[in-house]
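Worksheet: the structure to be examined is printed underneath.
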Amino acid sequence: MISLWQAHASFAMIIFLILPSFGLNRGWRIALLLALLAISFIPLGGLSLAVYLRSHIDDLAITSLVFMGWGCLRRLGMLPPAQHGQTSVLILFAAMALVLYPATMGLSDLDPYRLGYSPRPLLIFVALLTFGLFYLRNYLAVVMLAGATLAFVLGTKPSHNYWDYLVDPLLGLYCCLALLMLAARRVYRRLTTLRGSMRNGSI
Amino acid sequence: MRIKFPSLPALGVYLALACLFAGAWLTHPAPGHSSFARISPVSAVPDTVVKPIYTSRFASSGLVDFVHSSAVTALPDGSLMAVWFAGSREGAADVQVRSARFDVSTGEWGQEQVMATRESTQQSTRKYIRKLGNPVIALAPDNRLWLFYVSVSMGGWAGSAVNVMVSDDFGEHWSAPRQLITSPFLNISTLVRSAPVFHVDGSIGLPVYHEFLGKFAEYLYLSADGEVIDKFRISHGKNSLQPAIVALDGQRGIAFLRYAGTTHHRVLASRTEDAGQTWSEPFPLVPSNPNSSLAAVATPDQRLLVALNDLQEGRFKLSLYVTDAKMTDWRLLHDLDKSPDPEGDPFSPLAYKEIIKIEFRGSSGKLREPLEAQFLANLDNRVCKNRGCEFEYEYPYFIRSPDGMYHLVYSWNNTFIKHVTFNDAWLSERLK
């Protein structure tokens, strides 16, 4: 019997994070999150809504759950906005996704997914990365990577592959899109600053 | 310059992280890889004359459904178990994985049983399932019977995942299906079609293939309990599917590949010298391949028997070839089934009915003979399209049972699963 706690938690958190805040106070936001959790159990054709979502996005990586949990806590006002390195989290997981998925699905002769079955080299790399991120006080990334590794040791997912704990396509896609948006925003700001200084110079 | 030491809590975190990663490192050594297991069939006693045997009959008995993608395994009591998928059409929601048993005393196949449905797979895997396909059955050396089959939750066959069921009592009772985790991308794009290869330590080598961004083959390495512990690329790119693997000895093996490209239309092969861990670059062989599945088995004298559609286009002829281990010398042994038209051109429904009536009598076996009238009344779009009615003999699956008999099952016009049996004496006779 497959444990579906992850599917229900993912369902509630994904929709909670997609929905706007509606100007609700903390109490109502908690109620909304709980309501979404309850909705995830509604059966449709013999399967719950959470199971339908799971059928399309599969079981998410532990890093995604931590990331979404952090996002929910922020939305609920229980955590302050990240002070350090939010962009480095995006870069880290976007890079992981870009290394892993195209190659594994056949666009390269190499199969990086195999590294997850004999994970010692990958563990050393992730350990060094985690130490470095902790040194840089990027605590969100540290919790994500440490949480994934702890779950891997405990075997909380049916997969024996370390990659399945570290990254999933949804997280990869989110990070890539967020980075693109950040880049676009930065380019736009630079262009407006440049235009402003040119105008000032011409006067 | 002053060196700044971390605070005590920070040191504690470093220590905890070090313990965590050290624990992960210690508990996850690289999986071992053992040699191919060699099954030694009983060979004929010298100086005894063994009669050549070549028989055929239908393994399936349904008359309405589209049937396809069969597989067979030998059981210790001498019986056989075959599986295939059946439904209103390929990819329909009503497709089921069905099985039947071959009774060695009567020489006939029994009633069809339902092994897995969309609903049963959905309930056990806790995922929405759109369709099922490609079952594969095999008895492991530890006498556990394994069933692998494909299911799709979204999209076409490229969205497939592999499900597994296991039986400890030769197919009387089965475990609930569970999905193998074979791909990091939503666990899609892994399909199974060909016979698994067992290794000395009980681990299972499952030939699989991808159909999403690329079309390539892999060798999935499962523990004796059916957990995916490693995998190895057999081919790359976008032109090879459905590897059929034959172990030649403990280390050497050959993978025959269905060609899915657009240039030479020939069967591809790849070799391993380390029990499936690395594979040579696939190379084209002599026989043609019209992008269709093929099957192979080794003979005791280190030759290879290959069942395939040796055609550039269409699947209207299924042939049995023999080749040496180097795969340079190919010889046609027998056409297992073929269309009366040498080009495989379609026939009018009326002409087709007359021909297939004769074909039916030649293929069905005694038990299924009374089904002839019903069968002819049920001919429909499984074989007849707008341009006419065609013959299709495809998707062979080959085994050599412990008693030394060769068993081949394949789709017979997508209306029946046909089972052909022969022995070494028949083979020797054909090789003269």
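A few remarks follow.
- Among the residues of the range B:22-36, the ones that are of a type in the set (A, V, I, L, M), surrounded by fewer than 17 Cβ atoms within 10 Å (Cβ to Cβ) and closer than 19 Å to A:L154 by Cβ come to 2 in all.
- Unique match (being at negative phi, assigned by TED's automatic domain parsing to the domain that holds A:G172 and buried (at least 17 other Cβ atoms within 10 Å of the Cβ)) among A:V51, A:V89: A:V89
- A:Y162 vs. criteria aromatic (F, W, Y), in contact with a Pro (Cβ under 6 Å, 6 or more places away or on another chain) and touching a residue at least 40 places away in the same chain (Cβ under 8 Å): yes
- Scope the range A:92-137; condition among the hydroxyl-bearing types (S, T, Y), crowded, with 20+ Cβ neighbours inside 10 Å and either more than 10 Å from chain B (Cβ to nearest Cβ) or free of Cβ contacts under 8 Å to residues at least 40 places away in the same chain (or both); matching residues: A:T104, A:T130
- Residues satisfying the stated conditions in the range A:138-159, i.e. within 29 Å of A:P81 (Cα to Cα) and either within 7 Å of chain B (Cβ to nearest Cβ) or in contact (Cβ under 8 Å) with a residue 60 or more places away in the chain (or both): A:L140, A:V143, A:M144, A:L145, A:A146, A:G147, A:A148, A:T149, A:L150, A:A151, A:F152
- Of everything listed in (1) assigned by TED's automatic domain parsing to the domain that holds A:L122; (2) surrounded by 15 or more Cβ atoms within 10 Å (Cβ to Cβ), the single unmet condition for A:G77 is (2).
- Yes/no for B:R38 being at pLDDT below 75 and over 23 Å from A:P121 (Cβ atoms): no
- Here the condition is being assigned to a loop (DSSP other than H, G, I, E, B), out of contact with any Gly (no Cβ under 9 Å at 6 or more places or on another chain) and in contact (Cβ under 8 Å) with a residue 24 or more places away in the chain; of A:F11, A:F41, A:F22, A:F67, it holds for A:F41 alone.
- Of the residues making up the range B:251-283, just one is at positive phi and either assigned to a strand (DSSP E or B) or without any contact (Cβ under 8 Å) to a residue 60 or more places away in the chain (or both), namely B:H265.
- So A:S48, is it of a type in the set (S, T, Y), under 15 Å from the mean Cα position of the chain (by Cα) and within 14 Å of chain B (Cβ to nearest Cβ): no
- Complete set of residues in the range A:51-60 that are in contact (Cβ under 8 Å) with a residue 60 or more places away in the chain and either within 9 Å of chain B (Cβ to nearest Cβ) or farther than 25 Å from A:L73 by Cα (or both): A:I57, A:D58, A:D59
Every residue, every condition in (1) part of a loop (DSSP other than H, G, I, E, B); (2) surrounded by fewer than 22 Cβ atoms within 10 Å (Cβ to Cβ); (3) of a type in the set (V, I, T); (4) within 14 Å of another protein chain (Cβ to nearest Cβ), yes or no:
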{"site": "B:M154", "(1), (2), (3), (4)": "yes, yes, no, yes"}
{"site": "B:V162", "(1), (2), (3), (4)": "no, no, yes, yes"}
{"site": "B:S175", "(1), (2), (3), (4)": "yes, yes, no, yes"}
{"site": "B:S183", "(1), (2), (3), (4)": "yes, no, no, yes"}
{"site": "B:L186", "(1), (2), (3), (4)": "yes, yes, no, yes"}
{"site": "B:Y219", "(1), (2), (3), (4)": "no, no, no, yes"}
{"site": "B:H236", "(1), (2), (3), (4)": "yes, yes, no, yes"}
{"site": "B:Q242", "(1), (2), (3), (4)": "no, no, no, no"}
{"site": "B:D249", "(1), (2), (3), (4)": "yes, yes, no, no"}
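- Checking each residue in the range B:386-400 for being touching a residue at least 60 places away in the same chain (Cβ under 8 Å) and on the phi > 0 side of the Ramachandran plot picks out only B:Y395.
- Selected residue (criterion: farthest from B:V136 (Cα to Cα)) from residues of the range B:289-313 that are in contact (Cβ under 8 Å) with a residue 60 or more places away in the chain and assigned to a loop (DSSP other than H, G, I, E, B): B:P300
- Residue check for B:A260: under 21 Å from B:F198 (Cβ atoms) and small (G, A, S): no
- Index of the failed condition, B:G344 passing every other in (1) part of a strand (DSSP E or B); (2) closer than 16 Å to B:Y393 by Cβ: (1)
- Filtered by the rule that a residue be farther than 21 Å from A:T63 by Cα and within 14 Å of chain B (Cβ to nearest Cβ), the range A:1-28 gives a lone residue, A:M1.
- Of the criteria (1) crowded, with 23+ Cβ neighbours inside 10 Å; (2) among the small types (G, A, S); (3) farther than 21 Å from A:P119 by Cα, which one A:A184 fails: (1)
- Taking the range B:354-383 as the range and being of a type in the set (D, E, K, R) and either under 23 Å from B:L311 (Cβ atoms) or surrounded by fewer than 16 Cβ atoms within 10 Å (Cβ to Cβ) (or both) as the test, the residues that pass are B:E354, B:K357, B:E359, B:R361, B:K366, B:E369, B:E372, B:D380, B:R382.
- Odd one out for A:H56 among (1) over 19 Å from A:Y165 (Cα atoms); (2) surrounded by fewer than 18 Cβ atoms within 10 Å (Cβ to Cβ): (1)
- Of the helices (runs of 4 or more DSSP H) contained entirely in the range A:118-203, those carrying at least 3 residues that are closer than 30 Å to B:L11 by Cα and aromatic (F, W, Y) fall at A:120-135.
- In the range B:358-385, the residues that are more than 22 Å from B:T421 (Cα to Cα), among the basic types (K, R) and either in a helix (DSSP H, G or I) or touching a residue at least 60 places away in the same chain (Cβ under 8 Å) (or both): B:R382
- B:S319 vs. criteria outside any strand (DSSP E or B), of a type in the set (S, T, Y) and under 24 Å from B:T421 (Cβ atoms): no
- Number of residues in the range B:188-217 that are out of contact with any Phe, Trp or Tyr (no Cβ under 8 Å at 6 or more places or on another chain), small (G, A, S) and at the interface with chain A (Cβ under 10 Å from one of its Cβ atoms): the value is 1.
The values are calculated or read from the model by the stated rules, or taken from the named source; none is laboratory data. Predicted model only: the values in this text are computed from it and were never measured. Don't worry about glycine lacking a Cβ; one is built from the backbone with ideal geometry, like all the others, and counts go over all protein chains shown.
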